[in-house]
Amino acid sequence: MSLRAVMIRARAESDTTMTPNTHGAERLSVEQAAAYLGVSASTMNKWRLTGFGPVFHKLAKRVTYSRTDLDAFLNASRRRSTSDTGVPATAA
């Protein structure tokens, strides 16, 4: 199955299984968030363990992600080239 097909399927499933919080924000499961970012759930788990990756919410044993936080993570990961570290150069 192509990545595009996985993303479409995850979005379709998330439309019916997303959990809104009291503020109306969408909460995605680890699997849904992984599909949204195009990575595996295992990668999401490793990122959480190492402190990398998007901000997450944890209540008891349940881990969820907000779509807003996933989009912020994607935006922070933008680069112009493979040598771009994402850190602005300082003037000497």
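The values are calculated or read from the model by the stated rules, or taken from the named source; none is laboratory data. None of the values given here were measured: they were computed from a predicted structure. Neighbour counts are summed over all protein chains in view; Cβ atoms, including those assigned to glycine, are modelled from backbone coordinates with ideal geometry.
From (1) assigned to a helix (DSSP H, G or I); (2) modelled with pLDDT of 90 or more, pick out the condition that doesn't hold for R4.
Looking at each condition in turn, R4 falls short on (2).
Go through region 59-81 residue by residue and tally those that are over 12 Å from L28 (Cα atoms) and of a type in the set (D, E, K, R). Walk me through how you get there before you give the answer.
Step one: filter region 59-81 for residues over 12 Å from L28 (Cα atoms), giving 59-61, 71-81.
Checking the rest, the ones that are also of a type in the set (D, E, K, R) come to 61, 71, 78-80.
Going through region 59-81 one residue at a time, the tally reaches 5.
Note down all Cβ pairs under 6 Å where the first residue falls in region 53-75 and is at positive phi, the second is surrounded by 13 or more Cβ atoms within 10 Å (Cβ to Cβ), and they're at least six residues apart or on different chains.
Listed pairs, sorted by first residue: G53/W47.
Just to be sure I understand, how many residues within region 67-90 are surrounded by 10 or more Cβ atoms within 10 Å (Cβ to Cβ) and small (G, A, S)? Talk me through it step by step, then tell me what you get.
Initially, region 67-90 is screened for residues surrounded by 10 or more Cβ atoms within 10 Å (Cβ to Cβ), giving 67-74, 77.
Narrowing the set further to residues that are small (G, A, S) leaves 72, 77.
Residues meeting the conditions: 2.
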